[in-house]
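Asker: Quick one: structure below, then a few questions.
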2 protein chains.
Amino acid sequence: MGRPRTPLLDRERIATTALEIVDERGDFSVPQVAKRLGAQTGSVYHHVEGRDGIVELLRERVAAAIDPATLDLRPWDTALEAWARSYRAAFAAHPKAIPLLMTSPVRAPRVLEQYERAVALLLDAGFAPADVMPLLTALENLVLGSALDLAAPETMWELTASSPTPRLAEALSAASEGRADRADRAFEVGLTAFMKHAREVRADTP
Amino acid sequence: MGRPRTPLLDRERIATTALEIVDERGDFSVPQVAKRLGAQTGSVYHHVEGRDGIVELLRERVAAAIDPATLDLRPWDTALEAWARSYRAAFAAHPKAIPLLMTSPVRAPRVLEQYERAVALLLDAGFAPADVMPLLTALENLVLGSALDLAAPETMWELTASSPTPRLAEALSAASEGRADRADRAFEVGLTAFMKHAREVRADTP
């Protein structure tokens, strides 16, 4: 019941260990965290509010790499675009954590605070309140999909003689080679499309 | 060395079992698949080309739910949009498989064939070869990010009194409630933005 008097070091160590496990396996259990820390499962529960509490520690840890200053930039579209780039980089460092974090409700205060600032940016820029969350969520889908893509191998399509795909081969050779370049170019296409649309939505808002 | 004479039933059972495990855990190992089938790990290797071979079976299985007729539609933008919707639905049924499939090279012949058709659609519509893969990948990032979002809980942001976020609360209440609606609306925003951009790219192609 309630949060324990925060033993900061321990919560930090629990977060670090859980993130290590998630980076390896895409998921974690509290007993796994305890085992790796050489502790009893029960002791871990002394420091966090259950498994969900650890998920929120992970979320804060991963999101801490997003540059908060991006949301102070103006005009709004410069800020939103810079935030999206920083957000992608932060999550690309932990691709296996993406599904876990995308499918658990956001409770971490520091992360909610970041959403608050992103929402305020758009409201203050003149967006209709009903448009804000669908826009931010669409941007996040693009950002997190692209962060996963950044973890993909250099050669994503392995063509074989047994499956002749001449048009695919043509398109692949026309696109430049190299993983980072491949993933970055796709992200730029998606981000350009999104930002253009967002500017139009704002221009159409009475 | 080489592919065994395909014992179809067994490859099917291996794929089904591996997908079950991935749906539960987000990953699988060959020994886990063997154990669940009551077989020796070595026997599994008799039927597939290693772990990567199983990943490709999973890819074919998940992608088989994408309606191939969408890519026969015309004009090209109707086809691409219908394909994106069907693609999202297919992967939303297996959200935990998304990171695994997004980060392994595509070798499955039937899946390569589907890329071949999507690429041909855009080339035949007049897109420059160098634009095709970045556009398709940007669309996939959006589609797969949105498929993951569809697996997110109904209430994605849990606001607390201890972390006052009035603007976020305003935006959330202005957006309609309900998970499917929330995720679907965000997907529509992203897809609208993408399709508009793709039409402009094509219009700008000499």
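Asker: Do we find that B:THR155 is of a type in the set (Val, Ile, Thr), in the same structural domain as B:ASP77 (by TED's automatic domain parsing) and over 23 Å from the mean Cα position of the chain (by Cα) in this structure? Quick ask: steps written out before the conclusion?
Answerer: Numbers: of a type in the set (Val, Ile, Thr): yes; in the same structural domain as B:ASP77 (by TED's automatic domain parsing): yes; over 23 Å from the mean Cα position of the chain (by Cα): yes.
It is true that B:THR155 is of a type in the set (Val, Ile, Thr), in the same structural domain as B:ASP77 (by TED's automatic domain parsing) and over 23 Å from the mean Cα position of the chain (by Cα).
Asker: Considering only residues that are among the polar types (S, T, N, Q) and in a helix (DSSP H, G or I), which ones fall in segment A:130-155? Give the derivation first.
Answerer: So the first thing to find is which residues in segment A:130-155 are among the polar types (S, T, N, Q), and the list is A:137, A:141, A:146, A:155.
Correct list: A:THR137, A:ASN141, A:SER146.
Asker: Between residues in segment A:183-206 that are within 18 Å of A:THR137 (Cβ to Cβ) and residues that are of a type in the set (Ser, Thr, Tyr) and open to solvent by 70 Å² or more (accessible area, probe 1.4 Å), which pairs lie under 9 Å by C-beta distance while being six or more apart or on different chains?
Answerer: none
Asker: Before we move on, is B:LEU100 assigned by TED's automatic domain parsing to the domain that holds B:LEU123 and open to solvent by 50 Å² or more (accessible area, probe 1.4 Å)?
Answerer: Spelling it out, it is not the case that B:LEU100 is assigned by TED's automatic domain parsing to the domain that holds B:LEU123 and open to solvent by 50 Å² or more (accessible area, probe 1.4 Å).
Asker: Right, next: When segment A:147-156 is examined, which residues are found to be buried (at least 18 other Cβ atoms within 10 Å of the Cβ) and facing chain B (nearest Cβ under 7 Å)? Even if it seems obvious, please write down each step before you answer.
Answerer: Going residue by residue through segment A:147-156, those that are buried (at least 18 other Cβ atoms within 10 Å of the Cβ) are A:147-152, A:156.
A:LEU148, A:ASP149, A:ALA151, A:ALA152, A:MET156, listed by residue number.
Asker: Given the conditions (1) closer than 28 Å to A:THR103 by Cα; (2) modelled with pLDDT under 90, which single one is not true for B:GLU24?
Answerer: (2)
Asker: For B:ARG110, all conditions in the list (1) more than 7 Å from chain A (Cβ to nearest Cβ); (2) open to solvent by less than 10 Å² (accessible area, probe 1.4 Å) hold save one; what is the number of the exception?
Answerer: The failed condition is (2).
Asker: Just to be sure before I move on: is B:LEU139 under 18 Å from the mean Cα position of the chain (by Cα), under 27 Å from A:ALA151 (Cβ atoms) and in the same structural domain as B:ALA79 (by TED's automatic domain parsing) in the structure I sent?
Answerer: Yes; evaluated as a whole, the condition is true for this residue.
Asker: Being touching a residue at least 12 places away in the same chain (Cβ under 8 Å), of a type outside the set (Lys, Arg) and assigned by TED's automatic domain parsing to the domain that holds B:THR137: is that true of B:ILE54 here?
Answerer: For B:ILE54, the condition - touching a residue at least 12 places away in the same chain (Cβ under 8 Å), of a type outside the set (Lys, Arg) and assigned by TED's automatic domain parsing to the domain that holds B:THR137 - is not met.
Asker: Give B:LEU135, B:LEU159, B:LEU123, B:LEU144 a once-over and let me know the one that is over 28 Å from B:ARG185 (Cβ atoms) and at the interface with chain A (Cβ under 7 Å from one of its Cβ atoms).
Answerer: Only one candidate passes the filter, namely B:LEU123.
The values are calculated or read from the model by the stated rules, or taken from the named source; none is laboratory data. Since the model is a prediction, treat every value here as computed from it, not as a measurement. Using ideal geometry, Cβ is built from the backbone for each residue, glycine included, and neighbour counts are taken over all protein chains shown. Quick note on the areas: whole protein, heavy atoms, side chains included, nothing else; ligands and nucleic acids left out. Shrake-Rupley method; radii C 1.70, N 1.55, O 1.52, S 1.80 Å.
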